[in-house]
Amino acid sequence: MEEDQSFDNDGLEEDEKILSIPLEDYEDINYKEDKSKTKCDFTIKQVIGEGAYATVRLGINNQTNEQVAIKIMDKNKITQEEDKIKIEREKKLHQNLRHPNIVHLFSVIEKGDKMYLIMEYVKGKELFDYIVFKKKLSEREACLFFQQIISGIEYLHKIKYVHRDIKPENLLINSETKELKIIDFGFSNTSTNPNKNLLESACGSPYYAAPEMLNGQKYRAPPVDIWSSGIVLYTMICGYLPFEDEDNNILYEKIRKGKFVIPKQVSDQARDLLNNILVTDPQKRFTINQIKNHPWFSLYNNKGKLMVNEGLNLFKYIIPIDEDVVSSMSSQFGINEQKIRISILSNKHNGISTIYYLLLQKKIANKKKSVADIKSDLFKKYLENKGNLLETYDKDLNKVIEERKNGCSSENYNKVSRIKFESSKRDRSHSPTTEMNDTNKEDSIIDMNKTERKRETKRMTRFRTNNNMIKPKLSFIGKEKQEIKKNIWCKKILNKSEAIDKEGIEEETIKNDKLKENEEKKVNKIEQTMENKDEDNFENKSLIKHREKKKVNHEKKVNKIKKSNKNNINNKGEIKEKNTIDIKNPRIKSAKVQYPIKHKKDSNKEEIEFISKKNTINNGSNQNEKTKTKKLGKLKKAHKTEAKDQNLENK
């Protein structure tokens with residue numbers, strides 16, 4: 001689907017037409033009752049998109065006042081057989097899809113030369129336009145969209161479908177909820193056994209095509225979508241394509257080689273994921289489970305939850321019914337409740353089912369709980385109940401209808417009896433067990449028709465590189481920049497993206513603060529341990545030096561004492577034992593190892609001299625008493641000074 005020439009749809013004709021849908025057609029299930037007088041009609045309004053052989057217009061359902069997207073195809077323009085096959089395939093495959101990241105197809109109408117596909121309306125624009133406007137996305141916002149792309153692709157692969165045309169032009173963004181929807185199933189096909197039933201046609205956009213498609217050989221289906229999702233991820237983060245050239249032959253050579261450059265500002269985790277997805281060998285390429293387990297895939301999480309949903313597998317489960325919507329339909333429009341249940345359970349695409357799903361959409365938008373809401377917890381509980389599996393009824397839809405056409409509340413779904421029956425007549429125009437042949441071999445990338453080729457070249461001019469620039473960048477074309485700024489959708493979605501970026505920044509700042517605190521604590525601990533070690537080392541060094549000094553002083557003293565041994569011998573020839581010192585520690589007295597110390601002169605001689613001098617002074621007859629006392633005082637002083645001098649010498 002190609003972009004509009006103007007975001008505001010100025011200058012486009014708005015011819016309003018009324019399109020009515022038949023309410024019911026129950027020939028397949030043999031249920032006959034009077035037709036309801038109520039109509040299901042739509043007012044067709046302005047163009048919101050254009051393609052090679054189709055235009056998409058805005059429509060309003062006159063019964064519910066809900067908006068829808070109506071894809072109108074002119075059969076006269078579809079002349080080639082491969083194009084007819086693509087349209088039939090898109091119609092049949094799309095009817096069996098129920099996933100929040102895939103646009104819901106309500107009904108298909110064929111009137112004369114026109115075919116009308118009534119689809120869910122997405123209030124927003126293509127991811128391509130959003131990338132062009134923002135030039136590139138933050139990794140957190142890119143992760144939000146990439147999670148939804150992978151969720152939709154995983155659902156398709158589980159029910160044995162393959163899209164084969166994943167690109168930003170086929171991805172719509174809701175400006176209010178930031179929800180992504182996959183559209184355009186023209187190149188889709190089935191693959192019941194990917195290892196045995198191989199596909200061989202090269203299709204889709206050449207810039208997003210996998211290398212195995214370009215080699216002209218048969219290929220496995222799932223890795224093709226994974227490669228395309230990797231190209232989309234690269235364009236979101238970098239703002240330009242990894243493989244780009246004006247000449248298609250050179251472009252194909254680049255894709256086959258698989259060599260590309262990732263900018264420096266891309267994180268290591270995103271770089272690792274891209275290098276594992278964009279691998280030329282499909283066997284070595286990352287699978288869906290490996291992508292989901294990669295750490296970068298959980299970069300965006302809303303309160304710990306990822307934007308991943310299981311969806312409803314119509315080949316495995318019975319479709320849940322919201323009884324409140326059924327009762328409101330019967331009261332407002334007079335439609336029989338049994339008819340409503342039969343249309344929903346048999347997966348009909350008529351007026352009744354369209355009104356039902358539009359009312360259900362309205363209820364979910366008002367934030368009311370419903371078991372039929374694919375994103376709700378009630379729906380998850382519904383899937384957990386084995387009584388809601390088709391296997392319990394041997395996949396016989398007639399018996400399921402007989403049991404549930406009279407109504408079953410959402411609380412009683414768990415109590416439904418498990419009855420087994422024989423035949424199976426579910427209205428599935430195409431199931432994975434009946435594989436479609438990949439007949440559009442001529443519908444290759446190289447042999448595109450002229451209209452598609454012109455549109456592709458016009459669209460990809462935005463991705464072209466300037467001759468002066470080393471890296472290709474998305475460029476604006478003239479007035480589009482001003483028109484984009486005026487666009488209300490861009491303002492809404494930018495506000496949403498800014499909020500997401502702020503949340504991401506806040507979370508990152510909190511994480512960084514915690515990491516810084518932990519690092520600071522670790523650094524402080526290391527510094528403290530280092531300081532303690534340094535102190536211990538310093539103390540140890542000082543102690544060693546002190547002990548060495550003590551040893552040196554001790555050795556000096558010992559040497560002096562050995563030299564003075566002659567003066568320390570008594571008259572009897574024995575070494576004196578008084579004031580002995582331990583050689584190891586001179587402060588501690590010991591009796592084991594002793595050496596003599598230098599003593600005073602002989603005390604007997606000193607006393608004899610002192611007494612003799614004292615007696616001579618006292619015996620002097622010619623002296624007065626005063627002179628005697630003076631002489632005695634001088635004698636005592638001299639004796640004391642001599643004693644002090646000897647003590648100092650000993651020390």
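For Ile48, the residues whose amide H sits under 5 Å from its own are Val56, Arg57, Leu58, ignoring neighbours fewer than 5 places away on the same chain, with H placed 1.01 Å from N.
For segment 160-297, the Kirkwood estimate of hydrodynamic radius, built from reciprocal distances between every pair of different alpha carbons, is 15.7 Å. Between Asn249 and Ser298, the simple label model (points 7 Å from Cα in the Cβ direction) yields a spacing of 4.9 nm. Here's how it looks for Tyr317: its modeled amide H is under 5 Å from those of Leu390, which are all 5 or more places away or on a different chain. Shown is the FRET efficiency for Lys75 and Ser20, computed with R0 = 22 Å from the Cβ-Cβ distance and rounded to the nearest 0.05: 0.70.
Residue-wise HN-Hα couplings along segment 55-70, as the Karplus relation 6.51 cos²θ - 1.76 cosθ + 1.60 with θ = phi - 60° gives them from phi, are 10, 10, 10, 7, x, 10, 6, 6, 7, 10, 6, 8, 7, 9, 9, 10 Hz; Gly and Pro carry x.
Quick one: length gained pulling Ala638 to Glu548 fully straight, 0.36 nm per residue minus the C-alpha distance?
The span from Ala638 to Glu548 would gain 28.1 nm if fully extended.
Convex hull volume per residue, computed on the Cα atoms of segment 309-416, equals 97 Å³.
Under the criterion of Cα pairs below 8 Å and six or more residues apart, the relative contact order for segment 202-304 equals 27 percent.
The ellipsoid equivalent to the alpha-carbon distribution of segment 252-326 has semi-axes of 36, 19, 11 angstrom, derived from the gyration tensor eigenvalues as √(5λ) and listed largest first.
Where does each of Ile510, Ile159, Ile352 land when they are ranked from fewest to most other beta-carbon atoms within 10 angstrom?
Arranged by neighbour count, lowest to highest, Ile510, Ile159, Ile352 become Ile510, Ile159, Ile352.
Going from the residue with the fewest nearby Cβ atoms within 10 Å to the one with the most, Arg140, Arg164, Arg271, Arg547 rank Arg547, Arg271, Arg140, Arg164.
For segment 320-334, the Karplus equation 6.51 cos²θ - 1.76 cosθ + 1.60, evaluated at θ = phi - 60°, returns couplings of x, 10, 8, 5, 5, 5, 4, 5, 5, 5, 5, 6, 7, 10, x Hz by residue, with Gly and Pro reported as x. In order along segment 280-296, the Karplus-derived 3J(HN,Hα) couplings, from 6.51 cos²θ - 1.76 cosθ + 1.60 at θ = phi - 60°, round to 5, 7, x, 6, 8, 5, 4, 8, 4, 5, 5, 5, 5, 7, 6, x, 5 Hz, and Gly and Pro are given as x. If R0 is taken as 41 Å, the Cβ-Cβ distance between Lys316 and Lys521 corresponds to a FRET efficiency of 0.20.
No value in this document is a laboratory result; all are computed from the given coordinates. Since the structure is predicted, the reported quantities are computational estimates derived from the model, not experimental observations. No Cβ is skipped: glycine too gets one built from the backbone with ideal geometry, and neighbour counts run over all protein chains shown.
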